[in-house]
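Reading through the structure tokens given below for one structure.
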Amino acid sequence: MLFSIYGKPIADPVVAEVKENSAAAKAGVLPGDLLVSIDGTHVSTFDDVRRYVSIRPETPITIQIKRKGELLDLPMVPQRTEITDQFGNKMELGIIGILTNQETGNFRLETFGPIEAVGQGAVESWHIVTGTFNYLANLVTGRMKADQLGGPIRVAQASGQMATLGVAAVLQLAAVLSVSIGLLNLMPVPVLDGGHLMFYAVEAVRGKPVGPRTQDVAFRIGFAMVLMLMVFATWNDISSLLG
């Protein structure tokens, strides 16, 4: 619906500016370079580049660029950088230090027909899913901090901030939250739907259901895990407000 009615902002993956001493500068990226692919994954918009790089701080990547008709492979490592958005929210992302602008990136708004919009919605949802798993992987490896996990207070705060940008921004946030909550609900944790599916899978393999006692213990553990996650996320919310 969003892509059909409001369209999707698009910018070509062309470099307008390279920040000094950045990962891109050290790798040899120059203004005017066209970014073709990252680690073999084709990029068609500047947002594709930002999305891929942001969830891979301190992770070696190889960007293929096109310069004067010649293809070049440039290895680099995105720098983990704390940035502040227009509302003052702080977050850590992977940054390589390239920018685009209206003229170089050919900024435009593309709208899609119903069928194309469904495809775009599926792609966007998949980006949210893969981004979530990459963030969790970065937590385990220490490349990102757990303080970026937000709870109900931060969701309410973000909703208010998005409301100042218009209806489309609010709907975009609602869509992201919906996909994220759906993904969380499918995690193989007892008490969640994913936990029930896990029990069904075990039953299919064993030929009989898991015993009531085992299910009871699993549900208690699952409830404790969900409760701890809620408390931790709420603590992060309060800490961000106080900070």
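Since every read-out is calculated from the coordinates, none of them should be taken as a lab result. Since we're looking at a predicted model, the values are computed, not measured. Neighbour counts are summed over all protein chains in view; Cβ atoms, including those assigned to glycine, are modelled from backbone coordinates with ideal geometry.
Footprinting exposure proxy ranking of LEU35, LEU149, LEU109, fewest other C-beta atoms within 10 angstrom first, gives LEU109, LEU149, LEU35. Once the Cα-Cα distance is subtracted from the 0.36 nm per residue extended length, the LYS19 to LEU227 segment shows a gain of 70.5 nm.
Taking the C-alpha atoms only, the angle from helix 193-206 to the longest principal axis of the chain is near 70 degrees. Looking at the P(r) of the range 84-183, how many percent of alpha-carbon pairs lie beyond 19 Å? Distances greater than 19 Å cover 60 percent of the Cα pairs.
May I ask for the angle, rounded to the nearest 10°, between helix 212-242 and the longest principal axis of the chain, with both axes built from Cα atoms and the value confined to 0 to 90°? Approximately 40 degrees, to the nearest ten. The alpha-carbon of LYS19 sits under 22 angstrom from the alpha-carbons of these lysines, leaving out residues fewer than 8 places away in its chain: LYS66, LYS68, LYS90. Look at SER239, SER22, SER159 and count the other Cβ atoms within 10 Å of each Cβ; fewest to most, that gives SER239, SER159, SER22.
Volume per residue of the convex hull around the Cα atoms, evaluated for the chain, comes out as 170 Å³. Overall, the chain carries a charge dipole of about 560 debye about its Cα centre when +1 sits on the Cβ of Lys and Arg and -1 on the Cβ of Asp and Glu, all other atoms neutral. Taking R0 as 22 Å, what FRET efficiency do you get between VAL36 and VAL129 from their Cβ-Cβ distance, rounded to the nearest 0.05? Efficiency for this residue pair is about 0.30. The long axis of helix 114-141 is offset from the longest Cα principal axis of the chain by roughly 80 degrees. The calculated FRET efficiency for VAL202 paired with VAL155, based on their beta-carbon distance and R0 = 35 Å, is about 0.55.
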